[in-house]
Amino acid sequence: MSEDPWPSTSLVSIDVEPGGRTTPFGYIGIAEIIGNDVETSWMVKFRSPHYRWPATSIDPAPPFGQIWPYIDAFIADRLVASYGSSYDIKSLASLIAVEGCSARPIPFIDGLQLARSLSPRRSGSLQELVLELNLLTREELAELHSQRSSAGPVNKWLLHDAEDDALANARLLLQAADGPFNVDKIISLHNLTVRPMAPPSTAG
């Protein structure tokens with residue numbers, strides 16, 4: 001049994017694209033590790049509270065305040081991993097504060113810190129890491145993209161959206177396990193920092 005307040009054999013990988021003043025929509029990608037595999041991955045689109053929406057605007061995408069309680073419940077007591085976690089933590093805390101959502105100190109680990117532990121000479125690019133470590137094949141990505149009814153902004157040559165990033169980060173963690181997945185052993189072996197998301201009043 002894990003000595004920490006999270007299960008050792010399950011984890012949620014996340015990627016946050018919060019939107020902004022000139023970007024009306026945000027996206028959150030999720031990839032769930034259970035046991036030794038990615039159980040599921042998905043992405044949700046939301047109306048960014050950082051964008052100045054016209055008062056008469058009607059859009060089918062829900063506001064962040066409607067989707068966050070469901071994502072928070074999905075995470076539950078599990079550890080969260082993201083690639084470059086300081087950005088995702090700051091983005092989430094800001095979205096939560098603006099929307100007035102309930103917040104808690106969700107614990108994060110950083111896939112980028114893990115990648116640098118695996119090989120300090122590697123670049124920080126998640127896309128290059130995908131190819132170097134064969135985390136996701138081009139064929140697998142093409143198949144995943146063909147199955148999606150909607151996607152975020154396609155502005156990257158290999159990993160197209162937040163779901164791709166979350167999935168690649170999850171595969172990195174599985175590869176680092178080098179055997180039965182146990183997040184506590186990965187944290188210990190690679191000396192990873194567990195950083196809780198600060199409450200909105202102290203974030204950023």
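The values are calculated or read from the model by the stated rules, or taken from the named source; none is laboratory data. Computed from a predicted model, the values in this text were never measured in an experiment. Glycine gets a Cβ as well: all are built from the backbone with ideal geometry, and neighbour counts include every protein chain shown.
A few points about this structure:
- Of all residues in the range 22-37, those that are part of a strand (DSSP E or B) have Cβ atoms under 6 Å from Cβ atoms of residues that are of a type in the set (Asp, Glu), 6 or more apart or on another chain, in 26/17; 27/17; 29/15; 29/163; 29/165; 32/39.
- The range 51-67 residues that are closer than 19 Å to residue 20 by Cβ, paired with ones that are assigned to a loop (DSSP other than H, G, I, E, B) and hydrophobic (A, V, I, L, M, F, W, C) (beta carbon under 7 Å, 6 or more apart): 65/101
- Residue, nearest to the chain's Cα centre (by Cα), within the range 53-72, restricted to residues that are hydrophobic (A, V, I, L, M, F, W, C) and surrounded by 13 or more Cβ atoms within 10 Å (Cβ to Cβ): 71
- Checked against (1) closer than 25 Å to residue 171 by Cβ; (2) touching a residue at least 40 places away in the same chain (Cβ under 8 Å); (3) over 13 Å from the mean Cα position of the chain (by Cα), residue 75 passes all but a single condition, namely (3).
- Residue-level check: of (1) under 29 Å from residue 173 (Cα atoms); (2) modelled with pLDDT of 90 or more, residue 3 misses just (2).
- Filtered residues of the range 76-98 (kept if crowded, with 18+ Cβ neighbours inside 10 Å, assigned to a helix (DSSP H, G or I) and not hydroxyl-bearing (Ser, Thr, Tyr)): 88, 89, 92, 93, 95, 96
- Qualifying positions in the range 99-123 - surrounded by fewer than 16 Cβ atoms within 10 Å (Cβ to Cβ) and more than 21 Å from residue 185 (Cβ to Cβ): 100, 102, 104, 105, 121, 122, 123
Residue by residue, here is whether (1) buried (at least 19 other Cβ atoms within 10 Å of the Cβ); (2) out of contact with any strand residue (DSSP E or B) (no Cβ under 6 Å at 6 or more places or on another chain); (3) at pLDDT 90 or above holds:
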position	(1), (2), (3)
9	no, yes, yes
22	no, yes, no
30	yes, no, yes
36	no, yes, yes
44	yes, no, yes
51	no, yes, no
